[in-house]
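Trainee: Sharing a structure below in structure tokens format, with a few things to ask.
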């Protein structure tokens, strides 16, 4: 994967072999994560915000990708360092 750019900062992209399933989404704010559904990666991005209960998060807009809401109850998982 290429480096990840956010707010003018170069961040290393998440790497498939280094990723771990993140069960507690409430701790993901500010992290770069890979979102998966049925174990298929759907998007990589910076977690901009998370609900207090940790069931919904928003990935920040990045280039052509708009701000995206991810709802855990729809079967999504997040993976990160």
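The values are calculated or read from the model by the stated rules, or taken from the named source; none is laboratory data. Remember, it's a predicted structure, so these values are computed and weren't measured experimentally. Backbone-built Cβ (ideal geometry, glycine too); neighbour counts: all protein chains shown.
Trainee: Would it be correct to say that residue 58 is at pLDDT 95 or above and more than 13 Å from residue 79 (Cα to Cα)?
Mentor: Answer is yes for this residue.
Trainee: Would you confirm whether any residue within the stretch 16-27 is in contact with a helix residue (DSSP H, G or I) (Cβ under 6 Å, 6 or more places away or on another chain) and modelled with pLDDT of 95 or more?
Mentor: Taking the stretch 16-27 and keeping what is in contact with a helix residue (DSSP H, G or I) (Cβ under 6 Å, 6 or more places away or on another chain), we get none.
No, there is no match, as no residue in the stretch 16-27 is in contact with a helix residue (DSSP H, G or I) (Cβ under 6 Å, 6 or more places away or on another chain) and modelled with pLDDT of 95 or more.
Trainee: Just give me the residues in the stretch 57-81 being assigned to a strand (DSSP E or B) and without any contact (Cβ under 8 Å) to a residue 24 or more places away in the chain, in sequence order.
Mentor: 58, 65, 69, 71, listed by residue number.
Trainee: Restricting to the stretch 42-76, give me the number of residues that are over 16 Å from residue 28 (Cα atoms) and surrounded by 15 or more Cβ atoms within 10 Å (Cβ to Cβ).
Mentor: Residues in the stretch 42-76 being over 16 Å from residue 28 (Cα atoms) and surrounded by 15 or more Cβ atoms within 10 Å (Cβ to Cβ): 1 in total.
Trainee: How many of the residues making up the stretch 34-53 are in contact with a helix residue (DSSP H, G or I) (Cβ under 9 Å, 6 or more places away or on another chain) and either closer than 10 Å to residue 77 by Cβ or in a strand (DSSP E or B) (or both)?
Mentor: 5
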